[in-house]
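Data block below; observations after.
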Amino acid sequence: MLAMRIAELIRRLPDVNLIDVVDTEADALRRMAATSPDVVVLDLHLRVGTGFGVLRALGRASGPRPKIIVLTGFDLPEYRREAEAFGVEAYLNKSRDYHRLPRLLSSFVSARPHS
């Protein structure tokens, strides 16, 4: 349900294109490999696998890495530290920081080099 709300929020943002919504680690990695997104909004709790599994796989991958926004209900200090060690651009709490997502995505768009 929340994923659908987030997807709708993202679809309304100018110059931001939602590629897909997935709920497994394997699907996330497959879609990122196939589409090379600029930004990934990542939950730490997935139906199968974890967001940390995705972060570990991205750390091993060659090539450009997308900006990562962790949006999670697991706002534990140790999770935040681990995610930050993977170099995420933002760590947001779903219930407390949800409203920051549009502004953050828009700032990434405006900072992107124009081709």
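Values in this text are rule-based calculations from the coordinates and carry no lab data. Small disclaimer: the values here were computed from a predicted structure and weren't measured. Here the Cβ positions follow ideal geometry from the backbone for every residue, glycine too, while neighbour counts run over all protein chains shown.
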Excluding L101 itself, what net charge comes from residues whose Cβ is under 11 Å from its Cβ, given Lys and Arg +1 and Asp and Glu -1? +3
Residue-by-residue Karplus 3J(HN,Hα) for the range 76-90, coefficients 6.51, -1.76, 1.60, Hz, glycine and proline x: 8, x, 5, 5, 4, 4, 5, 4, 5, 5, 7, x, 5, 7, 7
Cα→Cβ-extended label distance, 7 Å offset, between A3 and D15, nm: 2.9
Residues whose built amide H sits under 5 Å from the amide H of V39, excluding neighbours closer than 5 in sequence, are K67
Per residue of the range 30-35, in order, report the coupling 6.51 cos²θ - 1.76 cosθ + 1.60 (Karplus, θ = phi - 60°) as ³J(HN,Hα) in whole Hz, putting x for Gly and Pro. 4, 5, 5, 5, 7, 10
Around R65, what is the net charge, scoring Lys/Arg as +1 and Asp/Glu as -1 over all other residues with Cβ under 13 Å from its Cβ? +1
Roughly what % antiparallel, to the nearest 5, for the DSSP beta bridges in the range 2-106? 10
Classify the range 2-106 as rounded, prolate or oblate, taking a ≥ b ≥ c as the square roots of the eigenvalues of its Cα gyration tensor: rounded when a/c is under 1.5, otherwise prolate if a/b is larger than b/c and oblate if not. rounded
D97 versus A33: modelled label distance in nm, points set 7 Å from Cα along the beta carbon direction: 2.9
The range 1-81: GluC sites (Glu not before Pro) in DSSP loop, at most 15 other beta carbons within 10 Å: none
